[in-house]
1. Given a Förster distance of 25 Å, report the FRET efficiency between V36 and F66 from their Cβ-Cβ distance, rounded to the nearest 0.05.
2. Cβ under 12 Å from T87's Cβ, T87 left aside: what net charge do those residues give with Lys, Arg +1 and Asp, Glu -1?
3. Measure off 7 Å from each Cα along the Cα-to-Cβ vector at R44 and V59, then give the distance between these two points in nanometres to one decimal.
Amino acid sequence: MGKSTRRRRRHRQTGAGRLVAVGHGGLWRLARWPPVDLSRDARRRLAMVDWHAAHGRNVALTARHFGMSRPTVYRWLGRFERLRLETLEDRSSAPRRRRRPTWTVAQVEAVQALRERYPRWGRA
């Protein structure tokens, strides 16, 4: 006789992002707490990753099924980390670095004074 069912099912992965464990009395619990609150787009991407794994890891078939391009599927598969579902969220589009102003406050005030004194000079 092989190993007991309980021992084999002690840690089981269900889906791409959930790790569940069998506790005392056969109750299932999430191993990751608190649960991750995913956006609708991230849940769709998680479904795409699950579907991809369940259907032979065929990127072209996955892209066709979900109505997205193959490069998009490759992008999300590359970003996905099983233990960090936040990787399926959109990244920030804010610039990483912002250019510092090159004008001093005195220069800005001088230009403002000239524009008020000579309004017809314009910018161009």
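1. 0.75
2. Neighbourhood net charge equals +2.
3. Result: 2.1 nm between the two label points.
Coordinate-derived values only; no laboratory data. The structure displayed is predicted, hence computed values, not measured ones. Note: ideal-geometry Cβ built from the backbone for every residue, glycine included; neighbour counts use all protein chains shown.
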